[in-house]
Amino acid sequence: MTAERIDGKAFAALLRERVGALALQFASKAGRKAGLAVVLVGEDPASQVYVGSKHKATVAAGMASFEHRLPADTSEADLLALVDQLNNDDAVDGILVQLPLPDHLDEQAVIASISPDKDVDGFHVTNAGRLAVGQSGFVPCTPLGCMMLLTDRLGDLSGLEAVVIGRSNIVGKPMAQLLLDANATVTIAHSRTKDLPAVVKRADIVVAAVGRAEMVKAEWLKDGATVIDVGINRLPPAEGEQKGRLVGDVDYAAAQGVASAITPVPGGVGPMTIAVLLRNTLVAAYRNAGFDVPEEL
Ligand code: GUN
């Protein structure tokens with residue numbers, strides 16, 4: 001068997017088109033564009049690239065992008081004051097503070113200062129709580145994107161065995177909640193899990209989010225499993241290479257012979273994250289304006 005490649009890039013492009021069309025409708029109804037504010041503190045190169053991509057994608061979707069780039073030595077009081085200003089700005093529907101923050105800033109305090117109704121990252125404890133008890137709020141973009149790929153591929157997930165490897169607040173825990181809401185039987189595995197290969201062997205659905213290159217082996221997988229690989233790891237450069245290859249948390253080449261479907265790295269989960277961020281921002285805009293959220297979102 002050769003697994004089908006789950007094309008996250010194509011799915012994300014379609015989602016962005018749908019969001020773009022609805023963003024136009026929103027603007028004509030509300031008399032303003034939906035708006036996303038992104039705050040970057042410091043000059044972390046990867047973060048600068050992400051923030052630049054978010055800005056471009058936001059504008060391309062017909063939404064307003066408000067970028068705030070602050071120096072690395074910004075005080076917590078100044079950052080909290082900016083978040084407060086954005087919380088109170090009616091042109092801003094979504095607020096994203098790019099992580100990681102410089103060490104002198106308390107990430108939890110900054111996230112807690114964002115209005116939960118503008119927290120399009122879904123990182124605020126209020127949104128984590130809403131997800132845990134099944135209320136509508138905002139769900140972190142990466143796990144929500146994984147869920148869209150899974151339901152697109154498998155339809156009803158009721159009764160399926162799902163194993164999530166990784167227990168971060170940003171991916172593993174919300175992913176498990178979403179799978180549970182969809183009536184899957186969910187196991188969260190992590191670095192202390194005993195006999196991880198045996199745990200993974202049960203899974204109809206494997207979501208790998210550990211950040212260790214090609215850790216999940218083909219022999220661990222159940223025949224016909226659906227595999228979602230959240231990892232993005234750079235291998236050391238091979239001879240003659242300037243930069244090492246990007247690989248996921250799953251040994252993709254070997255897993256293709258066992259799984260029924262698998263996301264590639266790059267081009268799988270990665271492109272979904274920004275597309276879902278735009279989706280969440282437009283949902284925030286509809287809610288903040290007091291309109292019903294369109295079903296297609
Ligand atoms: N840093 C890396 N990914 C993310 C993300 O999805 N949201 C935020 N705020 N920071 C990040």
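Simple rule: put +1 on each Lys or Arg Cβ and -1 on each Asp or Glu Cβ in the chain, find the dipole, and look at LEU221, SER191, VAL39; the Cα lying farthest toward the positive end is LEU221. Projected over all directions and averaged, the alpha-carbon convex hull of the stretch 1-60 occupies 6.2 nm². When you restrict to C-alpha pairs under 8 Å that are six or more residues apart and normalise by the size of the stretch 144-297, the relative contact order lands at 19 percent.
For SER191, neighbours were defined as the other residues whose beta-carbon sits under 10 Å from its Cβ, and their charges (Lys and Arg +1, Asp and Glu -1) total +3. The mean sequence distance of close C-alpha pairs (under 8 Å, at least 6 residues apart), as a share of the length of the chain, puts its relative contact order at 22 percent. Exposure check, 1.4 Å probe, all protein chains in place: ASP195 carries approximately 100 Å² of accessible surface.
Over the stretch 139-223, the Kirkwood radius and the radius of gyration, each from Cα atoms, give a ratio Rg/Rh of 0.93. Highest mobility in the GNM of the chain, judged by mean-square fluctuation with C-alpha springs under 10 Å and restricted to VAL41, VAL171, VAL139, is found for VAL41.
Ordering LEU15, SER168, THR142 by Cα displacement along the dipole of the chain toward the positive end leaves LEU15 in first place; charges were set at the Cβ atoms of Lys, Arg (+1) and Asp, Glu (-1).
Under conditions of 20 °C and 1.002 mPa s, the stretch 1-147 yields 129 µm² s⁻¹ as its translational diffusion coefficient, taking Rh as the Kirkwood radius over Cα pairs in the Stokes-Einstein equation.
Heads up, I need the accessible area for ARG245: 1.4 angstrom probe, whole protein in place, Å², nearest 10. The accessible area comes out at roughly 130 Å².
Of all the options VAL19, VAL133, VAL92, the one that moves most in a Gaussian network model of the chain with Cα springs shorter than 10 angstrom is VAL133. Seen from every direction in turn and averaged, the convex hull around the alpha carbons of the stretch 223-297 projects onto 7.4 nm². Over the stretch 123-179, Cα pairs under 8 Å with separation of 6+ residues give a relative contact order of 41 percent. When nucleic acids and ligands are ignored and a 1.4 Å probe is applied, THR193 ends up with an accessible area of around 40 Å². Of the residues ASP84, ASP119, ranked by 1.4 Å probe accessible area with the largest first, the sequence reads ASP84, ASP119.
Taking every protein chain into account, the accessible area of the chain amounts to 46 square angstrom per residue (probe 1.4 Å). Net charge in the neighbourhood of PRO71 (other residues with Cβ under 11 Å of its Cβ; Lys, Arg +1, Asp, Glu -1) is -2. Loop-resident GluC sites (Glu not before Pro) (DSSP state other than H, G, I, E or B) in the stretch 214-249 with no more than 10 further Cβ atoms inside 10 Å of their Cβ: GLU239, GLU241.
In this structure, GLN25 and ALA60 have a Cβ-Cβ separation that, at R0 = 22 Å, corresponds to a calculated FRET efficiency of about 0.85. Ranked by solvent-accessible area (1.4 Å probe, protein heavy atoms only, all chains present), the residues LYS222, LYS9 order from largest to smallest as LYS9, LYS222. Of all alpha-carbon pairs in the stretch 143-297, indicate the percentage at a distance above 29 angstrom. Pairs farther apart than 29 Å: 21 percent.
Starting from 0.36 nm per residue, how many nanometres of slack lie between ASN183 and GLU107 once their C-alpha separation is accounted for?
Stretched out fully, the ASN183 to GLU107 stretch lengthens by 24.1 nm.
For the stretch 82-143, the average shadow cast by the Cα convex hull is 4.5 nm², which is a quarter of the hull's surface. Distance from the alpha carbon centroid of the stretch 1-69 to that of the stretch 90-133 works out to 18 angstrom. Legend: Rg and Dmax of the chain, from Cα coordinates, 19.4, 58 Å.
In the structure shown, the pairs LYS29/LYS173; LYS173/LYS222; LYS29/LYS118; LYS173/LYS217 are assessed against 28 Å; a Cα-Cα span above that value is assigned to LYS29/LYS173. Heavy-atom accessible area with a 1.4 Å probe sorts ASP44, ASP181, largest first, into ASP181, ASP44.
The values are calculated or read from the model by the stated rules, or taken from the named source; none is laboratory data. If you're wondering where the values come from, they're calculated on a predicted model, not measured in any experiment. So basically every Cβ, Gly included, is an ideal-geometry build from the backbone, and we count neighbours across all protein chains shown. When the accessible area is computed, the model is the full protein with side chains, heavy atoms only, and any ligands, DNA or RNA have been set aside. Shrake-Rupley method; radii C 1.70, N 1.55, O 1.52, S 1.80 Å.
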